[in-house]
Amino acid sequence: MGKKSLKLNWDYLKDLWQGIISAKKWILAYVVFILVPVTIMLASYYQRSSEILEQEVTRSMQQTLRQAGMNLTYKLDHILDISNSVFMNKEMYTSLLPQSTISEQLEQMKSLRNLADTVQTNTDIQRFRIFVDPSRLYAGDRINLLPMSMLEKRPWYKDIMDAGGGMVWTGVYRENYLDMEEKDVFSVGRVLRNPLQYGEILGVLMLDISNQVLKEVMSGVNLSAVYSPYIVDKEGKLIYALEAPANVSGGEYTGGDLPEEIMHTVLQTDEGIVKRSNGRENVYVMFASIESTGWKLLAEVSQSEIAHRAVAQNQFTSIATVVAITVLFLVLVFVLLTFTIQGLTKRIQVVLKMMRKEGVGWLEEYRHAPEGDFRLLERSVDQLIRKVNNLMEETYQAKVLEREAQLKALQAQINPHFLYNTLDMINWSAIAHHAEDTSQMIEALAQYFRLSLNKGKDHVSVADELNLAQVYLEIQQNRFPSTFSFHIEAQPGLEGYLIPKLTLQPLVENALLHGIRKAKDKRGSIRIAAKLEQDTLLLSVTDDGIGMEEETARKLLLLPRPDMRADGSGSSYGLYNVNERIRIFAGEQYGLSIETIPGQGTTIYVRVKAIGPQEQ
């Protein structure tokens, strides 16, 4: 039995070898006309694809840097607006004019301190300082009012004086304040002249800004693990450099030492990318302008890091492509050898059958070679590889379009920042004109937008949701003065629990506009409560308005828009939407319930599963 089996195996190998020899011309034709050209084509395509992807990665990094530069420009423009607002303050100049009596100088110091306190309410302003003649009594304040002699020691003193009232930015430096520990700050300064005698200098205004303003923006520029992003001034001097990340040992994290010709190119161009060599490899220097100051934001990325990112982004596609091509070639070679041994006609029929099974049987319609012609296999394989190549190209183009859409979405995020900055500028204008009511309304509206937008998140903390309801009611109290009161009670410890965004605000709006405002005297009160019952978060909104029928209350939770009219009025209170979002967030057993009595008021209960931030 063993000898017979051995003889059969030997005969099989012998027949196989003879088949290979007889098919050597086909194998040679396959290698010369198919395998080699396709390999060269795929290698060229892969190289070109890698180059294009590296270019896309580089452009994406440049867009990130440009975005950071724009964010810094917005922040520093806001500082400049504050400086301009102070610069135009008439009371400040009155308080800086020479006075003969001590009581008058004390009044001046009090006025200047009040101005300093107002400016320092902005979180970006570390300290408001005015440097004056040492002979002034209030020059000894040493907190907001300081002698000019302290400024004369600074390297930027001459630049401020030469600017003649224009604003001069300093680099980041360490300042030792009298009433607090040392801080790393950078400043914008300008000369203050006597409006009655322009040649006389009354002092120098300095606004100190915490270096955290730069650090927060630059921390988002995570382009390299080797090179640190940094900022230089108009002359190429280092203003600020981001510290090395924790995963980089000392001495390895570098950046900021550019050759003179490259630095000249950076200073003369608004934004762009230049390439330099550090002796071991090429490094791309990306830069963008910070228009408010004339500074440049720079980030360096090595070519190997860009290539690594490109490979990482296209890793799955590359591996799948290589594996698919390898398997395809192996299958084709195996099929070619096997079918050659068994006969040309039979081999071609089997190949066509497999192609039909794989979805490319339509190739038969374009071939009119005689049955059994082995060249049909070559042409079919060639068409199959061309189709795979086209599919890979389409996949790549889809990825490029997807990246462009992501960049456009990133640009759209600028709009909330513009809204907040605009409201802040209006608020400062209202303060400057002593319109306190207008200022309060603007601050409340800005806070309402921040809480309601919530940086695009769908879930907020109970504390933020209660704050949003409070801000909404305060705004409405300005709209309907002395017509309603409200009270908020929250059990301690609930601040960190999460609920869907805009859960309470529609209920509060319903209580005010459809409960209290529809009463005969249009007066009433609203009570908001929050507490924890075992693993359920219970919130309630109660009003003493007109109430409603039970059937109406039931429909509000079952129908999306009951009795909705074209002008947006009617009984569509938005409760259905809130109820559905809570059930999606927490489960079918949670949601809204309504207790109401016509003519006496309504209470809406919100039951949500208690979920802490660590569970989200």
Checklist (1) surrounded by 17 or more Cβ atoms within 10 Å (Cβ to Cβ); (2) farther than 19 Å from Gly189 by Cα; (3) under 41 Å from the mean Cα position of the chain (by Cα) applied to Asn114, failing item: (1)
Inter-residue pairs, beta-carbon under 6 Å, first in the same structural domain as Gly165 (by TED's automatic domain parsing) and in the range 70-98, second outside any helix (DSSP H, G or I), 6+ apart: Tyr93/Pro195; Leu96/Leu202; Leu96/Gly203
Flag if Asn510 is in contact (Cβ under 8 Å) with a residue 24 or more places away in the chain, in a helix (DSSP H, G or I), exposed (fewer than 15 other Cβ atoms within 10 Å of the Cβ) and not acidic (Asp, Glu): no
Failed condition for Arg583, given (1) modelled with pLDDT under 85; (2) surrounded by 14 or more Cβ atoms within 10 Å (Cβ to Cβ); (3) in contact with a helix residue (DSSP H, G or I) (Cβ under 8 Å, 6 or more places away or on another chain); (4) not polar (S, T, N, Q): (3)
Pick from the range 93-108, criterion under 20 Å from Pro195 (Cβ atoms) and hydrophobic (A, V, I, L, M, F, W, C), ranking: surrounded by the fewest Cβ atoms within 10 Å (Cβ to Cβ): Leu97
Top-ranked residue in the range 189-230 [being among the hydrophobic types (A, V, I, L, M, F, W, C) and within 21 Å of the chain's Cα centre (by Cα); ranked as surrounded by the fewest Cβ atoms within 10 Å (Cβ to Cβ)]: Ala225
Matching entry among Arg479, Arg517 (being in the same structural domain as Arg581 (by TED's automatic domain parsing) and closer than 16 Å to Thr602 by Cα): Arg517
Any helices (runs of 4 or more DSSP H) falling wholly within the range 209-324 and containing at least 2 residues that are at pLDDT below 85: 260-268, 303-313
The one condition in (1) crowded, with 16+ Cβ neighbours inside 10 Å; (2) at pLDDT 80 or above that Lys501 fails to fulfil: (2)
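Test Ala566 against the criterion of being within 22 Å of Thr596 (Cβ to Cβ) and either touching an Asp or Glu at 6+ places or on another chain (Cβ under 6 Å) or at pLDDT below 90 (or both), and give yes or no.
no
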Output for the range 455-491, where each listed residue is part of a loop (DSSP other than H, G, I, E, B), modelled with pLDDT under 85 and under 17 Å from Leu539 (Cβ atoms): none
Hey, Ser111 among the small types (Gly, Ala, Ser), at pLDDT 85 or above and in contact with a Leu (Cβ under 6 Å, 6 or more places away or on another chain) or not: no
Residues of the range 141-162 classified as within 39 Å of the chain's Cα centre (by Cα) and either of a type outside the set (A, V, I, L, M) or outside any helix (DSSP H, G or I) (or both), total: 7
Qualifying residue in the range 131-141 (condition: within 30 Å of Leu72 (Cβ to Cβ) and either out of contact with any helix residue (DSSP H, G or I) (no Cβ under 9 Å at 6 or more places or on another chain) or surrounded by fewer than 19 Cβ atoms within 10 Å (Cβ to Cβ) (or both)): no
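The values are calculated or read from the model by the stated rules, or taken from the named source; none is laboratory data. Owing to the predicted nature of the structure, the values given are computational and were not obtained by experimental measurement. Note that we place each Cβ from the backbone using ideal geometry, even for glycine, and neighbour counts take in every protein chain shown.
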